[in-house]
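Undergrad: Got a structure for you, questions after.
The values are calculated or read from the model by the stated rules, or taken from the named source; none is laboratory data. Source: prediction; values computed, not measured. Backbone-built Cβ (ideal geometry, glycine too); neighbour counts: all protein chains shown.
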Amino acid sequence: MPYTCRMANHTQRIRDPIHGLIVFDEKNDVDMLAWSLLQTPEFQRLRRIRQLGVSEMVFPGATHTRFAHSIGVYHNARKLMRVVRRAVGDGFDRDRAAVVLLAALLHDLGHGPFSHAFEGARERIAEQRGIDTIEHHEKFTAKLILAEDGGIRPLLDRADGHLAETIAGLIAADDPADIYHAVVSSSFDADRLDYLVRDRYMTGSEAGAIDVDWLIDNLDVENIDVGQDGEARIIPTFVFKAKGRQAAEDFLLARYRLYSQVYLHKTTRGFECLLSALIRHVGADETDQDALGLEAGHPLRRFLARGGERLEDYRRLDDTVMWGIFERLTRSADAQARHLGERLLNRQRLKALDLWESYGLDVAASLSAEQRLESHLAGRIGKTVFKDDPRYNLYSLSDGDVVKAHKVVRVRMADGRPAEIARFRDTIISKDLTQKTKLTRYYFLSDDERDEAERKMKGR
């Protein structure tokens, strides 16, 4: 039965553990449209996709969803837009603001089950098939917004015939085009303001406090000259007042700690490797689908098949569907799928070799160990051994990159001129923390294989 569009017509409220009471005001047309969008099947699907994937394997409270996060982003975007409106004054563009606010609400619509882990598995499957690129969640977000047979587009078309295309284009853009766009795409945007606070709260992490109210209260808009070679180019961008600098540094530090302690937690990443291996096995061309026990019309089987990746199957996939598949695979005739599925369902973690723990900042020793492991494990990586080498840092210096002008965190100096936050003499953002840290880890299905690899890593 097709979804029937219904527009909200009275004030609605949501209680949120992070933001408290979030109100959708009946006197505000954008709020009413946003509330109607919440009711669509596409948005309700986000209730069944967890924000942090398998992080609950380590942090049991991390069961919050992209549904709750998206509402929080919309709430933050309204706050940031008030900053823009105050700064712009009479020139404030209401139509542009409405587009950005709705984009903030819909920005995660296209996330697949387990989000980034699912995308990573699809990338590996594509590589094996000789395909250069896959469509990432931003592309699926645009497709869901533009779909003629969905619930999103009819609501947007009723408000404005070009609204769906405009929102989809804004979400797909790599870099913000103006100060309005920066509300949802910058170093201090509505997305980060929600997920950093929400993830910290839901994981129980005490690393790094974030004073959101103080940050927003000390946020302003400044015209910055980003021209080069004597050519002026003025853009308006977010700038912190001088008294907001320490809170801004704390915000960046909190993000750094969450990456090191939560997002890149060794055990969590190991389960993501396990999850990815299972998805890759299900989607591999050589896998006997009948032995897996998935019927020909199953959305995952059709989506991962060569020539698949259709929107009609993607919109049927979420975390709950995937967990159901994993349980079925524990009873399949495929031994590999059965083994991987059992390990996931029963939280049987993979043992790891962590080069960072073994060698720390000794880059030369770490590289030598990695070379020995690559030689020893040749042919087994991606099958019985899984390599993970994410990179992260506290802050990336702009180094004069004009394109990334909105990604720079700027603070007004004593004389009123804005400067990049890492350029202050007494900043806590050391130069070492602006460099990318690489965490190289190898995960093993077999404990014996891991122990043998450790001996080889140490040159024994």
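Undergrad: Please list, ordered by first then second residue, the pairs with beta carbon atoms under 8 Å, 6 or more apart or interchain, first in the stretch 346-367 and touching a residue at least 40 places away in the same chain (Cβ under 8 Å) and among the small types (Gly, Ala, Ser), second surrounded by 15 or more Cβ atoms within 10 Å (Cβ to Cβ) and part of a strand (DSSP E or B).
TA: Ala352/Arg441; Ala352/Tyr442; Ala352/Tyr443; Ala352/Phe444
Undergrad: Among the residues of the stretch 151-162, is there at least one that is at pLDDT 95 or above, of a type outside the set (Ser, Thr, Tyr), farther than 20 Å from Arg94 by Cβ and not in a helix (DSSP H, G or I)?
TA: yes
Undergrad: Hey, another quick one. Here is a list of conditions, (1) under 22 Å from Arg315 (Cα atoms); (2) in a helix (DSSP H, G or I); (3) without any contact (Cβ under 8 Å) to a residue 60 or more places away in the chain, and Glu148 meets all of them except one; can you say which number that is?
TA: That leaves (2) as the condition not met.
Undergrad: Could you check the stretch 84-123 and list, in sequence order, the residues that are of a type in the set (A, V, I, L, M) and farther than 21 Å from Asp313 by Cβ?
TA: Val84, Ala87, Val88, Ala97, Ala98, Val99, Val100, Leu101, Leu102, Ala103, Ala104, Leu105
Undergrad: Does Thr65 satisfy the criteria of being hydroxyl-bearing (Ser, Thr, Tyr) and over 26 Å from Thr267 (Cβ atoms)?
TA: So Thr65 does not fit the description; no.
Undergrad: Okay, moving on. Tell me yes or no: at least one residue of the stretch 74-93 is surrounded by 22 or more Cβ atoms within 10 Å (Cβ to Cβ), within 30 Å of Arg349 (Cβ to Cβ) and either touching a helix residue (DSSP H, G or I) at 6+ places or on another chain (Cβ under 9 Å) or at pLDDT 95 or above (or both).
TA: No - not one qualifying residue is present in the stretch 74-93.
Rundown of residues vs (1) buried (at least 16 other Cβ atoms within 10 Å of the Cβ); (2) in contact with a strand residue (DSSP E or B) (Cβ under 7 Å, 6 or more places away or on another chain), yes/no style:
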residue: Leu215; (1), (2): yes, no
residue: Val221; (1), (2): yes, yes
residue: Ile234; (1), (2): no, yes
residue: Tyr259; (1), (2): yes, yes
residue: Ile279; (1), (2): yes, no
residue: Asp285; (1), (2): no, no
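Undergrad: Could you pull out the residue among His298, His265 that is more than 24 Å from the chain's Cα centre (by Cα) and surrounded by 15 or more Cβ atoms within 10 Å (Cβ to Cβ)?
TA: Of the residues listed, the single one that is more than 24 Å from the chain's Cα centre (by Cα) and surrounded by 15 or more Cβ atoms within 10 Å (Cβ to Cβ) is His298.
Undergrad: Oh, and also: Is the stretch 312-322 home to any residue that is touching a residue at least 24 places away in the same chain (Cβ under 8 Å), β-branched (Val, Ile, Thr), surrounded by fewer than 20 Cβ atoms within 10 Å (Cβ to Cβ) and in contact with a His (Cβ under 7 Å, 6 or more places away or on another chain)?
TA: No, the conditions are met nowhere in the stretch 312-322.
Undergrad: With (1) over 26 Å from Tyr263 (Cβ atoms); (2) in a loop (DSSP other than H, G, I, E, B) as the list, and Phe59 as the residue in question, which single condition is left unmet?
TA: (1)
Undergrad: Residue check: is Gly53 surrounded by fewer than 18 Cβ atoms within 10 Å (Cβ to Cβ), touching a Phe, Trp or Tyr at 6+ places or on another chain (Cβ under 9 Å) and small (Gly, Ala, Ser)?
TA: Against the criterion (surrounded by fewer than 18 Cβ atoms within 10 Å (Cβ to Cβ), touching a Phe, Trp or Tyr at 6+ places or on another chain (Cβ under 9 Å) and small (Gly, Ala, Ser)), Gly53 does not qualify.
Undergrad: Among the residues of the stretch 397-419, is any surrounded by 13 or more Cβ atoms within 10 Å (Cβ to Cβ), in contact (Cβ under 8 Å) with a residue 40 or more places away in the chain, under 19 Å from Leu439 (Cα atoms) and not β-branched (Val, Ile, Thr)?
TA: For the stretch 397-419, residues surrounded by 13 or more Cβ atoms within 10 Å (Cβ to Cβ), in contact (Cβ under 8 Å) with a residue 40 or more places away in the chain, under 19 Å from Leu439 (Cα atoms) and not β-branched (Val, Ile, Thr): absent.
Undergrad: Pairs please, first residue from the stretch 98-121 and free of Cβ contacts under 8 Å to residues at least 40 places away in the same chain and within 15 Å of Ala277 (Cα to Cα), second anywhere and in a loop (DSSP other than H, G, I, E, B) and among the small types (Gly, Ala, Ser), Cβ atoms under 8 Å, 6+ apart in sequence or on different chains.
TA: Between residues of the stretch 98-121 that are free of Cβ contacts under 8 Å to residues at least 40 places away in the same chain and within 15 Å of Ala277 (Cα to Cα) and residues that are in a loop (DSSP other than H, G, I, E, B) and among the small types (Gly, Ala, Ser), the close pairs are Glu119/Gly112.
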